[in-house]
Amino acid sequence: MMLEAGAIALGKFGQVDARAKADFSLVTDADFEVESLLQKRLGETQKDGYFLGEESIAGKSESYIEESLKGEAWVVDPIDGTVNYASGLGLWGISVGLMEDSHFSHGCIYLPALGELFISVGDGVEHGRVEDGKIVRRVKLTGEKILDNDHALIAITQSLSKRGRIDRPNPVHTIAAAVYPLSQIVRGAYLAYIGKLKLWDVAGGLPLAHRVGLEVGFIDGRRMNKRIDGGDFHLAPGLPQRWGVCDLMVICRPDMFDTICHSVEP
């Protein structure tokens, strides 16, 4: 399913016209095609489940959304990093998370242009290498620790790069996509990932982060309770920031969490 969705996106990679949505983020025809495919395939595997996709959620009723947050729902970002995708840059991907009883139980991130697949398997995470549309190698990730030093990379979101400050000497990456830093911090390439994110941005990545022992919380020092509720995300209808986290999210090693939080000035 993920490989099929990735093939659709790759077929139009760098050749589509992007247009702005009401929130000024970009969307392409490929976003809608990928989301449509995923809704069909996931519906085949779980006929009684719900589907919350970034591009189709506006058409869902409030009763549907309310029930999905309490039941079993697939949360999907068909192409995260659309600005990169439309510009012909490979730092984009597909994010799928399974939400059960208001918490993410499983997740998957696929980076088609880079040939990398990250997926929860049981209580662990597997990193797959994809070539010619097939998985040619799988490695179980163990949550190996990246060294805590001043040269370890920190990934941040656009909003933090434009308005905030990190009081550390570490170099920072601003990728304009969540799936890339989420997948790479899971394999130990980043010291931390910090910023404002939305529900579908993190749907595939949060279950992976938890499985490899990363801490997920907010810059006020509060740890995420793992439940998708009004305490961590803006869920109320009509809010302009709906589906976004309530504060800057921090993902990093548990022993670095407080230090990272204290270094951020939003």
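The values are calculated or read from the model by the stated rules, or taken from the named source; none is laboratory data. Keep in mind that this is a model prediction, so the values were computed, not measured. Cβ placement follows ideal geometry from the backbone for every residue including glycine, while neighbour counts extend to all protein chains displayed. Just the protein is used for accessible areas: all its heavy atoms, side chains included, with ligands, DNA and RNA removed. Shrake-Rupley method; radii C 1.70, N 1.55, O 1.52, S 1.80 Å.
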- prompt: Per residue, how many Å² of accessible area does the chain show with a 1.4 Å probe?
  reply: 44 Å²
field: Helix-only [θ]222 nm of the chain, DSSP H runs n ≥ 4, -39500 (n - 2.57) each, per residue, nearest 500
entry: -7500 deg cm²/dmol
field: Accessible surface of the chain [probe 1.4 Å, protein heavy atoms]: carbon and sulfur percent
entry: 51 percent
Lys/Arg +1, Asp/Glu -1 at C-beta; the chain dipole; positive extreme among His173, Val96, Val75: His173
- line: In the structure shown, of Lys70/Lys162; Lys134/Lys226; Lys40/Lys198; Lys21/Lys134; Lys12/Lys40; Lys12/Lys134, the pairs separated by more than 31 angstrom at the C-alpha atoms are Lys70/Lys162; Lys134/Lys226; Lys21/Lys134
task: Quick one: which residues, 5+ away or cross-chain, put their amide H under 5 Å from the amide H of Leu235? H built at 1.01 Å from N.
output: Trp243
query: With a sphere of radius 12 Å drawn around the Cβ of Gly93, what net charge do the other residues whose Cβ falls strictly inside it have (Lys, Arg +1; Asp, Glu -1)?
result: -4
statement: P(r) of the range 90-136 over all Cα-Cα pairs, 5 Å bins starting at 0, rounded to whole percent, reads 5, 21, 25, 23, 14, 8, 3, 0
task: On the full set of protein chains, 1.4 Å probe, figure out the accessible area of Leu141 and give it in Å² to the nearest 10.
output: 20 Å²
message: Rolling a 1.4 angstrom probe over the protein chains, ignoring ligands and nucleic acids, what is the accessible area of Arg41 in square angstrom, nearest 10?
response: 60 Å²
- request: Please pull out the direction-averaged projected area of the range 109-266, using the convex hull of its alpha-carbon atoms, in nm² to one decimal place.
  value: 9.7 nm²
- line: The distance between the Cα centres of the range 51-125 and the range 223-242, in whole Å, is 17 Å
Mean shadow area of the range 1-77, taken as a quarter of the surface of its Cα convex hull (nm²): 5.5 nm²
- prompt: So what's the projected area for the chain, the Cα convex hull averaged over all directions, in nm²?
  reply: 13.2 nm²
